[in-house]
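Beneath this line is the structure, given in C-alpha cells, with notes to follow.
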Amino acid sequence: MAAKPTFSQEISNLLYASKGNPLKTCIQCGTCSGTCPVAEFMDQTPRRLIGMINANLKEDVLACNTYWFCASCYHCTARCPSKIDIAEVMYAVKRYSIWHKTYSEDLVGPTFSETFVRTIVNSGRSFEPVLAPTYMFSMGIKEVLQEAYMGTQMMLKGRMPVLPTKIKRLDNFKEMIRRIIPVGGGK
Amino acid sequence: MSEKNYPEGGERVGVYICHCGTNIAKVVDVEDVATWAGEQPNVAVSREYKFMCSSLGQDLIEEDIKEKGLTKIVVASCSPHMHEKTFRTACERGGLNPFMFEMANIREHDSWTTDDEVAATLKAKALTNAAIERVVHHQPLEQLPVEINPNTLVVGGGIAGISAALELADGGHHVYLVEREPSIGGHMAQLDKTFPTLDCSACILTPKMVDVDQHPNITLLTWSAVEKVDGYLGNFTINVRKKARYVNEEHCTGCGICIEKCPFKVVDDIFEAGLGERKVIYRPFPQAVPKYPVIDKENCAYFLRGKCKACQIFCPTEPNSIDFEQEDEILTFDVGNIILATGFDLFDVKQIPQYGYGRLANVFTSLEFERMVNAAGPTDGKIVLRDMESSPKSVAIVHCVGSRDENYHSYCSKVCCMYSLKFAHLVHERIPDADVYNCYIDMRTPGKGYEEFYNRLLEEETHFIRGKVAEVTDAARTPEEEGKLIVQVEDTLIGRQRRVPVDMVILSPAMEAKPDSKEVSQLFKMGCDFDGFFVERHPKLDPVATMTEGVYIAGACQGPKDVPDSVAQGAATAARVAGLINLGTVMMEPVRATISQDDCSGCKICNNMCPYNAIIFHEDRKVSEVITALCQGCGTCVAACPSGVISGAHFTNDQLFSQIEGILWDVRPEKVPA
Amino acid sequence: MTQTRLLIIDDDPDYVDGIKSILEKADYEVDVAYNPKDGFKALETGKYDLLLLDIMMGRGAEGVMVARKINKDPVLRETPVLIITGVREQIAFLFPGQPVHPRFLPTDELLEKPVDPNLLLEKVEALLKEAKAKKAE
Amino acid sequence: MKKFAYFPGCSLEKIALSYNTSSVETAKILGVELQELEDWNCCGATTYFHVDQLLAYTLVARNLAIAEKEGLDLVAPCSACYKNAYFTNKYIKEEPDLAEHINYALEEDDLQFNGNIDVHHIMDIFVNEVGMDEIKEKVTKPLEGLRVAPYYGCQIVRPRKNGEEIENPQFFEELVSAMGADPADFPERLRCCSASLIMTSRRAALDMVRVILQNAVDSEADVIATACPLCQVNLECYQPQVNDEFGTDYKMPVIYFTQLLGLALGMSKKKLGIGKELVSAAPIFGEF
C-alpha cells in the first residue's frame, strides 16, 4: 500500500508521463531562473519554487505568484540540465491551485483562465470582448482607457470582432466535452 | 545442510550457497535453495554459509572434499569475476583439479536485480541447478604457461603516457611510445601554470619529455598511429603507421632554419587552439620532442602547386634533411603489454549556442585562454580581447559548460572548477584592477591543497556567483550594458536573476573522450562506456586494467582527471606491467579448441575465421590443427565447423547442453518441484 | 470470514485520510493509490471488492479515463465503482449549477465531495450487497 | 498542387485577419493549397492547459480528426495552436489509453482520430515543403535594402519537437534572405513576447515587449517580422502602452512574414492586408 504522498509527489503526479518524481532530480543550478524572462517579476524564482515544492512547503508554494507569471515560453524546459519540464510543472501547479481553489483573489490569471475556458465551451471559439472584463477590473483607470482606445483602433482597422463566432456543430461539441468532463445536463 | 549417501564410483557434487552477508540472503531464501539442491541427483553435500569467500567458507569446501570424497564443487555466490579463482584454489587445496568447479552467480544475476523473494529464490535454484548439471561433465584441465614479451607499447605521449613509459624504461624495460601528433607533451604542454601550486607547466613537463627523448629504453614514434593489433597477453604484434614528416630524422639537426624561411603561415587549430599561427613546416612548440619539424602537406605550396621548396633550399645539413619523396612507413614489432593513454578532447562549446561562442568575439574557450596566458603563446602571456590589443576590465568564467548536463554530458568533469579558479587568479595577477566573476553550480575542490586554493581566490576578491549561466548576450538593456557581454545568471544564493556586464567571457568546457575512442577500443579489443571513456576492469579495485588481459589504461582516456591523477595512473600501469614482465610467464586459462585429426574434412573454413591465426592446415594430411599456444578459446571455430569436429575445452557440448537443461529444470514436467 | 477490501484512487492525501478512517472504523480493509497509474495497477491484482474513485487527477479528469478502462475489462468490470468527486467544485465554472452527469460515467454510483460519512457507508454497503447478489446468480 | 488542412485559429478570424489572407494567398502562389478546416474549434491556447489538459487535448483532437478525415496534414499559422496540435498529436500516438478516451468523446461529433497525420507550422511549409530555392526563383520584387528583424518567439521552436536546433535556429533568417531582404542580427529573437501574460500580468508583459522592441531598434531593423498572431498583436498594439510606461518612443512596424513574402512575390499590399497596422508600416513599404 502506497505511503501518503508528499506535496512534491502530489505535483509530480500531475505531470504527463512522469516516472518517479522528476522534480527530485533538480540540482538547483538556477538555469531556469537565469533564463526566465519573467523571473524578476516573480515572488520566487522558478528554481526556488521547485526547491520549495521538494521541501513540501505547500502553503508557501501556493501563496506565491510564480506559476501564474509563467508565460509558457518553455525556455527553462529547453535548457534544464536535469531535463525537467519546468513549464509543465508550472502548469501542474496552476491546475493544483485551480482545483483546490487556493489562488489569491487579486490574481487575474485564474479568473482569466476560467472565463476563457467557459467561452470556448459555450461557443467553440474564443471571443476577445468577453474576456476583457476579467482583467479590466484589475487595472487602473489609465490602463482601462488605453485598452479601450486600442480596442477602438483595432475595430477601425477591422481587427476587432463585433459578434462572437460559433462553431456549427456546437451541440455535438458540448456533448463531446461532457464525455471528458461529465458535468452538465446531458441529453 | 543436507548430506546423503551416494553410490561408490559415481559423481559426488558438493553445493555451497553463499549468503554474501545480506546481499543474497535478503532476497533469496538461501536455506530453501540449499535444502532443495541437496535433493538433486549427484549432489552429496549441500550447505549454505554466510561468506563462502572467507577462510572458513573455503575450509568447508576443502574439508568436505577430503572427508566426504567430493568429486565436483558448485558455489552459488557472486560473479566468477570476483571469486572463481578463490574457489578453484580451495578445490586444489582439497586435492581436486581446479576445473572440477563451477560457479553460479546468484548475486549480480539474481538478488541484486529484484526485490521479489519468490522469483529470486526460484532463479537461484535454476542457476544452481544449471551449475550442478554442468559440473558433472567437467574434465580435469591443466593451465598453460605463456611467456611475456618484456617490451611494452604505450599509446599516447601526454603526461600519463610519458609517466608510464619512463617508469618502465627506468626499470630496464623497453618501451615503444606512439604519439599521433608531431611532438609528445599532450595538453599539459599547452598550459602555462598548473593548479594548485601554480608551478610552470613547461618547467615540470619538459625535463620528462627530454628524458623520453634520450632514454635508451624508449623507442619514440611521433606523428604515428597504431593500425593493427594482433595477439594476446604476453604476445602482441603491433603495426604502426609512421606518417611521412618529409624531414629526414637522421640528418636533421633541429636547427629550425627551415621553419624560419618557410614563407607560409596557417592558423594553428591544435596547439594554439586557433588563437595563433604556425608555419607550414613547423614544430608545435619550441620545446617539442622530438626536435624534428614536420611539413603540413595539406597547406604546403610545394605539395599544392609544385613550387617553393624554401625549406629545402635553406636547409644547412649535408645531405639535405628535407625529403619531399618520403612516404609513410609501416613498422611492425612485438610487445607483451599495452598501455593506452590516449587522452581527451574538450567539449565543443558551439553545441551550446546561447553562450555565444563564435558569434560573440570576446567569448573564449578555456584552451584559448590557456594559450593566451602562456608566456610562449600567441600573445606572450598578455590577456587581451579578440582584437589582440585591449585588455579586459572584467572577466566572467563560466563553469560546467557541457558537463553536469543531461543534454550533453551528465558527468562532472572534475578539473574545471580548479582550472577556472586558476584562470581567476591569473587575471587578478596580470590585470590587478579587473573584476573577475566565477559562475559555478557547486564548487568542487577535493584534492590536496585545492580547497586552500579556493580560499586564496576568495581572499583575492573574485566574485563568486552560484548559478549555472543561462546565456551570454550582447543585447544591452541599460547604458551600463552597452558594448559589453552580458552574462545572464540566477545568483541562486540570493535568489535573483542577475545580468553581469563584462568585457570577456571564458567558457570552461567539459573534458570528453576523443571522438575516435570507440574505434580505438575496438582496435585494442576492450570496452568503452556510453560517454566514450575506456572502461576499467573494476572501478575501485582495478582502475587501470581493462577486461582485456595485457591492455591497461591511464589518464583522461579513462575519465576526466588532472595532472597528478594522470601521472599516478601512468605509474600504476607501469607497475602492473613490470610485475608481469618480472614474472616472465603467466598461466593462461586452458580453454582451448582442439580439432579431431581423424574426423576433420579439411574444408579450411575454420582457418580463415580464427581471429588469432591459431589454426594451421596440414597440406600433407589435408586436415586443420589448432596451435594451442595461440588459441584464445574464443569458440569461433567450434561454432563454425560444419562437421562439428572441433571442441572447446571447458565448453563441450555435453557441458553446455547440460547447463541449459539445468537452468530450464522448472519447465521440464518431470522435474517440477513440489 | 476475511475482511472486505476497498481501494481508493484519489490524489488528495488529506481527503483520503478522512474517508479512509471512516471506512476503517466500519471495519473495511482499505488500500489507497494516489494516482491513476498506480491505482489501475493495484486494481489489476484483483483483490478488491469495491473501488472508490476520484475524478480530477493528473492532467485532468483522469478518473473518467480509469472508469472507462475498468468498464472495458471483462474481469475488472465486476468490481463495483463508487465515484467520489469534487469535480463540480473544482471546475464548476464550466457548467455552473449543473450536476455531475452519470450518463457519461460507466460506474455504479456517484457521490459529490464533501461526503457525509453515513451516506458514504450506506452507499458502500449497498454496492457491496448488490455485487454479492449478482455474483450469487 | 500540394494541399494541407489549414487551421487558422481564433486570432486569425479578426485580430490577425491579414495573417490569414496573406498566408493563404502567398501559399497559393507558391503552389500550396491551404484548405480551411471545416467547422474547426479553438485549440485552447495556453489557457486551457491551466485547467484540464485532457479536455484541452480533446479540443485539439477534434481539429486533428477533421483534418485526418480529409486525409490532409494539419497546418497552423499560430505558434501556440501549432504547439498544441503538435504535442496532442504526439501524445495521442504515444498513449493508447489517451487515444481511446479521446476517441470516445469524438464519437459525439461522428469523428475519430487515428494518429495518421502530421502537424506543421505554416513557416515549415514555406521553408521545407516549398523550399528556399523555389521561393528565390519566384521572388519578383526582392525587398532590397529592407532590414528585417526575424522574431521567432517561443512555441514555433520550443519545446523541442524533433531534435532540431532550438537555441540558434536559422530558418527565419534564410527565409528573409530568400525574399531579398537583409536579416538583422537580433539576439532577442527567441525571447518570449509575453502574449500569455499581457492580460494577466501587465507590467511584466510590457517590460518583456520593451526588451524585444529595444533590441530590434538596436539591431537597426526597419521592421519586425513575426510568425504568430499573438506575437504580432503583443509587439505592435501595445507599443503605446510601453511608451507610456517606460517613457520610450517606439514606432516599430510589426508585420507577418507572409506579408513580406507576398510583397517579394509581387502581390498587392491590399491582398496581403497591409494597412491594418496600428503602427504604420507605410514609411518602409512605400518603395515596395
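Taking region C:49-61 as the search range and keeping residues that are crowded, with 21+ Cβ neighbours inside 10 Å and not in a strand (DSSP E or B), which one is nearest to the other protein chains (Cβ to nearest Cβ)? Walk me through it before giving the result.
Step one: filter region C:49-61 for residues crowded, with 21+ Cβ neighbours inside 10 Å, giving C:50-61.
Adding the requirement that they be not in a strand (DSSP E or B) leaves C:54-56, C:58-59.
Details: C:D54: 11, C:I55: 8, C:M56: 5, C:G58: 6, C:R59: 4 Å.
Looking at the filtered set, the residue picked out is C:R59.
For region D:45-78, which residues satisfy the criterion of being within 30 Å of A:T102 (Cα to Cα), in a helix (DSSP H, G or I), in contact with a Cys (Cβ under 9 Å, 6 or more places away or on another chain) and within 11 Å of another protein chain (Cβ to nearest Cβ)? Break it down into steps so the answer makes sense when it comes.
Quick first cut of region D:45-78, residues within 30 Å of A:T102 (Cα to Cα) only: D:45-60.
Imposing the further condition that a residue be in a helix (DSSP H, G or I) reduces the set to D:47-50, D:53-60.
Of the ones still in play, those that are also in contact with a Cys (Cβ under 9 Å, 6 or more places away or on another chain) are D:48, D:56, D:59-60.
Across region D:45-78, the qualifying residues are D:Y48, D:A56, D:L59.
Within region B:497-512, is there a residue that is under 22 Å from B:S366 (Cα atoms), free of Cβ contacts under 8 Å to residues at least 60 places away in the same chain and β-branched (V, I, T)?
no
Scan (1) more than 30 Å from B:V335 (Cα to Cα); (2) surrounded by 20 or more Cβ atoms within 10 Å (Cβ to Cβ); (3) not acidic (D, E) for the single condition B:I148 breaks and write down its number.
Every condition holds for B:I148 apart from (1).
Has region D:124-144 got at least one residue that is under 24 Å from D:C81 (Cβ atoms), polar (S, T, N, Q) and either within 14 Å of chain B (Cβ to nearest Cβ) or assigned to a loop (DSSP other than H, G, I, E, B) (or both)?
Checked region D:124-144: no residue is under 24 Å from D:C81 (Cβ atoms), polar (S, T, N, Q) and either within 14 Å of chain B (Cβ to nearest Cβ) or assigned to a loop (DSSP other than H, G, I, E, B) (or both).
Look through D:E236, D:E220, D:E245 and report the one residue that is in contact with a Leu (Cβ under 7 Å, 6 or more places away or on another chain), surrounded by fewer than 19 Cβ atoms within 10 Å (Cβ to Cβ) and either within 20 Å of D:K14 (Cα to Cα) or at pLDDT 90 or above (or both). First the steps, then the outcome.
Working: D:E236 fails: surrounded by fewer than 19 Cβ atoms within 10 Å (Cβ to Cβ); D:E220 fails: in contact with a Leu (Cβ under 7 Å, 6 or more places away or on another chain).
None of the others qualify; the one that does is D:E245.
Residue by residue through region A:8-26, note down the ones that are more than 9 Å from chain C (Cβ to nearest Cβ), assigned to a helix (DSSP H, G or I) and more than 21 Å from D:L98 (Cβ to Cβ).
Scanning region A:8-26 gives A:S8, A:L23, A:K24, A:T25.
Restricting attention to region A:64-101, which residues are aliphatic (A, V, I, L, M) and in a helix (DSSP H, G or I)?
The first filter runs over region A:64-101 and keeps only residues aliphatic (A, V, I, L, M), leaving A:71, A:78, A:84, A:86-87, A:89-90, A:92-93, A:98.
Once the filter is applied, which keeps residues that are aliphatic (A, V, I, L, M) and in a helix (DSSP H, G or I), region A:64-101 yields A:A78, A:I86, A:A87, A:V89, A:M90, A:A92, A:V93, A:I98.
Run down D:P169, D:P159 and say which single residue is touching a residue at least 40 places away in the same chain (Cβ under 8 Å), outside any helix (DSSP H, G or I), within 14 Å of chain B (Cβ to nearest Cβ) and surrounded by fewer than 21 Cβ atoms within 10 Å (Cβ to Cβ). So that I can check it myself, show each step before the final result.
Values: D:P169 fails: touching a residue at least 40 places away in the same chain (Cβ under 8 Å).
From the options D:P169, D:P159, the qualifying one is D:P159.
Which residue, of B:V384, B:V401, B:V335, is out of contact with any Lys or Arg (no Cβ under 6 Å at 6 or more places or on another chain), modelled with pLDDT of 95 or more and within 30 Å of A:S82 (Cβ to Cβ)? Before you say what the answer is, go through the steps one by one.
Working: B:V384 fails: within 30 Å of A:S82 (Cβ to Cβ); B:V335 fails: within 30 Å of A:S82 (Cβ to Cβ).
The unique qualifying residue is B:V401.
Against the conditions (1) within 11 Å of chain D (Cβ to nearest Cβ); (2) closer than 26 Å to C:D54 by Cβ; (3) assigned to a helix (DSSP H, G or I), where does A:V61 fall short? Just the number, please.
In the conditions (1) within 11 Å of chain D (Cβ to nearest Cβ); (2) closer than 26 Å to C:D54 by Cβ; (3) assigned to a helix (DSSP H, G or I), A:V61 misses (1) alone.
Mind checking whether some residue in region C:92-102 is under 24 Å from A:Y16 (Cα atoms), over 14 Å from the mean Cα position of the chain (by Cα) and either within 14 Å of chain D (Cβ to nearest Cβ) or surrounded by fewer than 17 Cβ atoms within 10 Å (Cβ to Cβ) (or both)?
Taking region C:92-102 and keeping what is under 24 Å from A:Y16 (Cα atoms), we get C:92, C:94.
From what's left, over 14 Å from the mean Cα position of the chain (by Cα): C:92, C:94.
Cutting the leftovers down to either within 14 Å of chain D (Cβ to nearest Cβ) or surrounded by fewer than 17 Cβ atoms within 10 Å (Cβ to Cβ) (or both) gives us C:92, C:94.
The answer is yes, given that some residue of region C:92-102 is under 24 Å from A:Y16 (Cα atoms), over 14 Å from the mean Cα position of the chain (by Cα) and either within 14 Å of chain D (Cβ to nearest Cβ) or surrounded by fewer than 17 Cβ atoms within 10 Å (Cβ to Cβ) (or both).
Could you list all residues from region A:107-126 that are more than 8 Å from chain D (Cβ to nearest Cβ) and at pLDDT below 75?
Matches in region A:107-126: none.
Since C:V64 meets every condition but one in (1) within 14 Å of chain D (Cβ to nearest Cβ); (2) in a strand (DSSP E or B), which condition does it not meet?
The number of the failed condition is (2).
Might you let me know whether region B:197-206 holds any residue that is among the charged types (D, E, K, R) and either assigned to a strand (DSSP E or B) or in contact (Cβ under 8 Å) with a residue 40 or more places away in the chain (or both)? Please lay out each step first, then the result.
Of region B:197-206, the ones among the charged types (D, E, K, R) are B:199.
Still in the list and also either assigned to a strand (DSSP E or B) or in contact (Cβ under 8 Å) with a residue 40 or more places away in the chain (or both): B:199.
Within region B:197-206, one or more residues are among the charged types (D, E, K, R) and either assigned to a strand (DSSP E or B) or in contact (Cβ under 8 Å) with a residue 40 or more places away in the chain (or both).
Which numbered condition in (1) more than 21 Å from D:H101 (Cβ to Cβ); (2) modelled with pLDDT of 75 or more; (3) not aliphatic (A, V, I, L, M) is the only one that A:P182 fails?
Failing condition for A:P182: (1).
Conditions (1) of a type in the set (V, I, T); (2) more than 8 Å from every other protein chain (Cβ to nearest Cβ), marked per residue:
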residue: D:C192; (1), (2): no, no
residue: D:T200; (1), (2): yes, no
residue: D:A216; (1), (2): no, yes
residue: D:A221; (1), (2): no, yes
residue: D:Q232; (1), (2): no, yes
residue: D:Q239; (1), (2): no, yes
residue: D:V242; (1), (2): yes, yes
residue: D:I255; (1), (2): yes, yes
residue: D:L263; (1), (2): no, yes
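Given the criterion surrounded by 24 or more Cβ atoms within 10 Å (Cβ to Cβ), closer than 15 Å to D:F4 by Cα and either within 14 Å of chain A (Cβ to nearest Cβ) or touching a His at 6+ places or on another chain (Cβ under 6 Å) (or both), identify the matching residue among D:Y82, D:Y152. Reasoning before the result, please.
Working: D:Y152 fails: closer than 15 Å to D:F4 by Cα.
Among D:Y82, D:Y152, only D:Y82 is surrounded by 24 or more Cβ atoms within 10 Å (Cβ to Cβ), closer than 15 Å to D:F4 by Cα and either within 14 Å of chain A (Cβ to nearest Cβ) or touching a His at 6+ places or on another chain (Cβ under 6 Å) (or both).
This table checks each residue for (1) modelled with pLDDT of 95 or more; (2) assigned to a loop (DSSP other than H, G, I, E, B).
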{"site": "B:A104", "(1), (2)": "yes, no"}
{"site": "B:E108", "(1), (2)": "yes, yes"}
{"site": "B:A130", "(1), (2)": "yes, no"}
{"site": "B:V146", "(1), (2)": "no, no"}
{"site": "B:N149", "(1), (2)": "yes, yes"}
{"site": "B:L153", "(1), (2)": "yes, no"}
{"site": "B:A169", "(1), (2)": "yes, no"}
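Among (1) over 16 Å from A:R79 (Cβ atoms); (2) at pLDDT 95 or above, which single condition is B:E406 missing?
The single condition B:E406 does not satisfy is (1).
Grab the helices (runs of 4 or more DSSP H) fully contained in region B:565-667, keeping just those with 1 or more residues being out of contact with any strand residue (DSSP E or B) (no Cβ under 7 Å at 6 or more places or on another chain) and surrounded by 20 or more Cβ atoms within 10 Å (Cβ to Cβ). Don't jump to the end; show me each part of the working.
Numbers: elements: B:605-609, B:636-640, B:653-663.
Here the list reads B:653-663.
Answer with yes or no whether D:F113 is part of a helix (DSSP H, G or I), of a type in the set (A, V, I, L, M, F, W, C) and buried (at least 18 other Cβ atoms within 10 Å of the Cβ). Spell out the reasoning first.
On the way: part of a helix (DSSP H, G or I): no; of a type in the set (A, V, I, L, M, F, W, C): yes; buried (at least 18 other Cβ atoms within 10 Å of the Cβ): yes.
No.
So, of the residues in region B:460-519 that are within 25 Å of D:D218 (Cβ to Cβ) and polar (S, T, N, Q), which turns out to be farthest from the other protein chains (Cβ to nearest Cβ)?
Going through the qualifying residues, I end up with B:T478.
Please tell me if B:F236 is without any contact (Cβ under 8 Å) to a residue 60 or more places away in the chain, of a type in the set (F, W, Y) and farther than 30 Å from B:F453 by Cα. Lay out the reasoning, then the answer.
Details: without any contact (Cβ under 8 Å) to a residue 60 or more places away in the chain: no; of a type in the set (F, W, Y): yes; farther than 30 Å from B:F453 by Cα: yes.
No; evaluated as a whole, the condition is false for this residue.
Is it true that some residue in region B:317-324 is closer than 25 Å to B:L220 by Cβ and among the β-branched types (V, I, T)?
Among the residues of region B:317-324, at least one is closer than 25 Å to B:L220 by Cβ and among the β-branched types (V, I, T), which makes the answer yes.
Please state which one of A:L49, A:L57 is under 16 Å from the mean Cα position of the chain (by Cα), in the same structural domain as A:M90 (by TED's automatic domain parsing) and either within 16 Å of A:I11 (Cα to Cα) or surrounded by fewer than 24 Cβ atoms within 10 Å (Cβ to Cβ) (or both). Before you say what the answer is, go through the steps one by one.
Numbers: A:L57 fails: under 16 Å from the mean Cα position of the chain (by Cα).
After ruling out the rest, the residue left standing is A:L49.
How many residues are in a loop (DSSP other than H, G, I, E, B) and either at pLDDT 95 or above or buried (at least 17 other Cβ atoms within 10 Å of the Cβ) (or both) when one looks only at region B:292-307?
Taking region B:292-307 as the starting set, the residues that turn out to be in a loop (DSSP other than H, G, I, E, B) are B:292-293, B:296, B:300, B:306-307.
Okay, now just the ones that are also either at pLDDT 95 or above or buried (at least 17 other Cβ atoms within 10 Å of the Cβ) (or both), so B:292-293, B:296, B:300.
Selection size over region B:292-307: 4.
The values are calculated or read from the model by the stated rules, or taken from the named source; none is laboratory data. Note that the structure is a prediction, hence the values are computed from the model and not measured. Please note: Cβ atoms are built from the backbone with ideal geometry, for glycine as well, and neighbour counts cover all protein chains shown.
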